[in-house]
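Here is the structure we will look at, set down as structure tokens.
The values are calculated or read from the model by the stated rules, or taken from the named source; none is laboratory data. Since the model is a prediction, treat every value here as computed from it, not as a measurement. For neighbour counting, all protein chains shown are included, and Cβ atoms are generated from backbone atoms with ideal geometry for every residue, glycine included. With ligands, DNA and RNA removed, areas are computed over all heavy atoms of the protein, side chains included. Shrake-Rupley method; radii C 1.70, N 1.55, O 1.52, S 1.80 Å.
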Amino acid sequence: MAVNGAQIVIDRLSHMYRPPHGKPVLAVDDVSLAVGEREFLALLGPSGCGKSTLLYLLGGFLPTETGSITVDGKPITGPGPDRGIVFQHFALFPWKTVRANVMYGLKRAGLPRDEQEKRAQAFIDLVGLHGFEESYPSQLSGGMKQRTAIARTLAIDPEILLMDEPFGALDAQTRSLMQTELLSIWERSPKTVIFVTHDVQEAVYLARRIAVMSARPGRIKAIIETNFDRRDPHLFKSKPFVDKVDEIWDLVRAEAIKAQGTRST
Amino acid sequence: MTAALSGVAFRYLPIVILAVLWQMASEFGWVSTAVLPPLSSVFEAGWGLITSDDFWVNAGASLYRGGVGLLLAIVIGAALGIGMAWWRPVRALLSPIVEIFYPLPKSALIPVTALWLGFGDASKILLIFLGCMLPVTIGAFNGARGSERTLVWSARSLGAGRLRTLWDVVVPSAMPELLNGVRTALALSWVLLVASELIVARAGLGYLIGFMGDGGNYDGMFAVVLFVALLGFIADRLYQMAMQRALRWRE
Amino acid sequence: MARIDDTLAPTGAWLQGPRFASVLRACGRQLIAWSPVIVLLIAWEAVARSGLVTPFMLPTFTGVLERIATDTASGDLPVALGMTMWRALAGFFISAVAGIALGVAMARSRAFNWFFDPIISIGFPVPKIAFLPIIVLWLGFFDLSKITIIVFNSIFPVVTATVVGVRGVEKELIWSARNFGTSERALTWDVLLPAALPQIFTGLQVTLPIALIVGILTEMAMGGYGIGASMQTASRFADSLGVFAGIVEIAVVGYVLVKLMSLLRARLLVWHPEALEPTTA
């Protein structure tokens, strides 16, 4: 599958998950997908459908065994600062302050100290955490933790942003604020974003293209384009938006029911 | 201020009551002073001791042995534990050996180390090193194994190499359990030190306790025992304070 | 259907069945997992035979096994082992019973807590083994003083674990028990102790090795019969076979006791979520 102009090309990718005890599970099954530069793509599916596994393969955290993933034509061999990641449970270094967390990637990049501090401060300000630089993650609310994690990842200026249900652990209000904020950050400095979620409305609101995944083993069931004016305050109540959510929800519902049935616990 | 002070006084009042009972017991002849010397004469003997060079020579010997042995145990024990968590071959090789030796009652090592290295400093250092290493190893291992994979992944995707990640993520993640293991090792080191000095030694605080007891100097013996108890208590409190400081990021 | 066939199969038939293969596989896995220990023992034997070290520093493993066999046949080892175990276990059980009782009392009564809390919190980190000569002075050289020292050393972890465990019992659990009309006395037995059992058992698991360590120490310092005492005598007479035989014996005892405790824990705490977790040991 050769796609001209695509930045990320996933070709016939499968992944087997082998738990230490028990049978191997096919988590990702024959997925092919191309993502263009500066595209905002959502991976949508029921929990346990392998969408996070797909993201971890993109991140290079899990080894690619069957099929291939290339970024700018080069196969992925491991994690790297060209692909920043934001996890659902923040994954902040709990022993580092907000400032030290945001500075970490800059330090690894070998920036001079004063440069690190300046850049870290800029991103802390960007996500609205001015005044909390010296706080430890344990002293922050969930939303603040996720802002820190986003600042930490944006600070190293990755070309690709991988987000693994980043707002899934937040309460409803914080979540909707963070969604708007993410969009405004993305509009200011567009990056390729791959956004994993199981929330249909979130996917429709944020992404320009939505890849709907089936229940395990995870396959791409449909790819749906969306285009809404996201600055419209009444967007969530508008007919086209609601229709789109309904359309996709119908696709996901069947898979969610299937996923419930196969859940082992 | 005064409220806080009286709170502390009320809290430690039982200790004062025990001390007063002790003094009264020998004062009023409830028990023979040969069996329980009055607290006041124990304090007198203690003052005599801490103004003598002899005492500090013995205390120095004990602290040197305990310090070196414990330091070796912490450094090597932590390295082994983290190595076991990070490299599978190291784990496969060492975990059965650790599992066999961990439940070994450490005091059984006293005659062995005496057999190998005699009755001096070297045998005590080896004893404390061998006896205290495994609690540190186990703490470090459990802590390092428990480090979250998303933290490791975050460091890797922020540009850290494998060794860098080991140092920046796995070691700090292991710290809470590692430091708990060290606390166990600290307590164990006192037991092994004092006991081995009581059993086979020519210097040290444990030796001094036995020496005074054999010589019938019970005032002095009680004083050294209380001194050792106090040292152990202070060492633990200082360690706890240092540990809390080192782990202040956990709320 | 297959299961019924299995149970009805005549004894011996399992030798051919898939079960035999799986038993064999399990044995093989165990053997591989423990191979480092076997390698260690072979290395011991090889080094001792190579002449790199004198037999005094390291006797051969087979020589040590022979010594253990002779001591067993002569009755020395069973007596020594029995004496060591009797004192260590007596000390352990007294610490367990008294420690749990004191812990419950401290958790339930303010007065008890006021009096004992500073004593326990100061006494816990103190190297209590230093008090050994004082106990000898008071109680003499025999079992009574040895067991007293063991209890003195090993009661503290039980008390603190019990206090933490009982205080940690959820209020709702106590309230609902009261609601059913549970008396204060029954509350302790039926609610507090079972609910605090995980912590209490952890305290006991910490304490058992302490009892063994201190028991051996008292024998080394004070003599009498026991494995520690015979190791000490062997060491004094430069009888290194005796010392190493003692180490092997005591290592086996320690290992068996620790394993028994974790088996017991798994049995007693089947209801606890921890029973579902994979064991780390």
>> Being out of contact with any helix residue (DSSP H, G or I) (no Cβ under 9 Å at 6 or more places or on another chain) and either at pLDDT below 90 or surrounded by fewer than 16 Cβ atoms within 10 Å (Cβ to Cβ) (or both) is the requirement here; does C:Val191 meet it?
In response: no
> C:Gly246 passes all but one of (1) within 9 Å of chain B (Cβ to nearest Cβ); (2) more than 17 Å from C:Gly63 (Cβ to Cβ); (3) in contact (Cβ under 8 Å) with a residue 12 or more places away in the chain; (4) under 20 Å from the mean Cα position of the chain (by Cα); which number fails?
Replying inline: (2)
> Which of (1) part of a strand (DSSP E or B); (2) open to solvent by 50 Å² or more (accessible area, probe 1.4 Å); (3) modelled with pLDDT under 90 is the odd one out, the single condition A:Gln7 does not satisfy?
Replying inline: (2)
> Any chance region C:205-216 includes a residue that's open to solvent by 20 Å² or more (accessible area, probe 1.4 Å), more than 10 Å from every other protein chain (Cβ to nearest Cβ) and aliphatic (A, V, I, L, M)?
Replying inline: no
> Quick check: anything in region A:110-129 facing another protein chain (nearest Cβ under 10 Å), surrounded by fewer than 16 Cβ atoms within 10 Å (Cβ to Cβ) and over 25 Å from A:Val71 (Cα atoms)?
Replying inline: no
>> Filter region B:206-223 down to the residues that are part of a helix (DSSP H, G or I), more than 8 Å from chain C (Cβ to nearest Cβ) and touching a residue at least 24 places away in the same chain (Cβ under 8 Å) and list them by number.
In response: B:Tyr207, B:Leu208, B:Asp219, B:Gly220, B:Ala223
>> Report every pair of residues separated by at least 6 positions or lying on different chains whose Cβ atoms are under 6 Å apart, first residue within region C:133-158 and surrounded by fewer than 18 Cβ atoms within 10 Å (Cβ to Cβ), second in a helix (DSSP H, G or I) and at pLDDT below 90.
In response: C:Phe141/C:Met222
> Are any residues in region B:110-127 among the aliphatic types (A, V, I, L, M) and in contact (Cβ under 8 Å) with a residue 24 or more places away in the chain, and if so, which ones?
Replying inline: B:Ile110, B:Ala114, B:Ile125, B:Leu126, B:Leu127
>> Among the residues in region B:232-249, are any open to solvent by less than 10 Å² (accessible area, probe 1.4 Å), farther than 23 Å from B:Arg149 by Cα and either at the interface with another protein chain (Cβ under 10 Å from one of its Cβ atoms) or not in a helix (DSSP H, G or I) (or both)?
In response: yes
> What number goes with the only condition from (1) touching a residue at least 24 places away in the same chain (Cβ under 8 Å); (2) open to solvent by 10 Å² or more (accessible area, probe 1.4 Å); (3) out of contact with any strand residue (DSSP E or B) (no Cβ under 9 Å at 6 or more places or on another chain); (4) assigned to a helix (DSSP H, G or I) that A:Met178 does not pass?
Replying inline: (2)
> Which one of these is open to solvent by 40 Å² or more (accessible area, probe 1.4 Å) and either at pLDDT below 95 or more than 30 Å from A:Pro81 (Cα to Cα) (or both): B:Ala160, B:Ala201, B:Ala187?
Replying inline: B:Ala187
>> Checking the structure you have, find out if any residue of region A:103-114 is outside the structural domain of A:Arg230 (by TED's automatic domain parsing), at pLDDT 95 or above, in contact with a helix residue (DSSP H, G or I) (Cβ under 9 Å, 6 or more places away or on another chain) and within 30 Å of A:Arg230 (Cα to Cα).
In response: no
> Limited to region B:163-175, what total is found for residues that are open to solvent by 10 Å² or more (accessible area, probe 1.4 Å), in contact with a helix residue (DSSP H, G or I) (Cβ under 8 Å, 6 or more places away or on another chain) and either under 16 Å from A:Gly110 (Cβ atoms) or without any contact (Cβ under 8 Å) to a residue 60 or more places away in the chain (or both)?
Replying inline: 3
> For region C:120-132, how many residues are in a helix (DSSP H, G or I) and open to solvent by 40 Å² or more (accessible area, probe 1.4 Å)?
Replying inline: 2
> Out of the residues in region B:146-157 that are outside any loop (DSSP other than H, G, I, E, B) and touching a helix residue (DSSP H, G or I) at 6+ places or on another chain (Cβ under 9 Å), which is most open to solvent (accessible area, probe 1.4 Å)?
Replying inline: B:Arg156
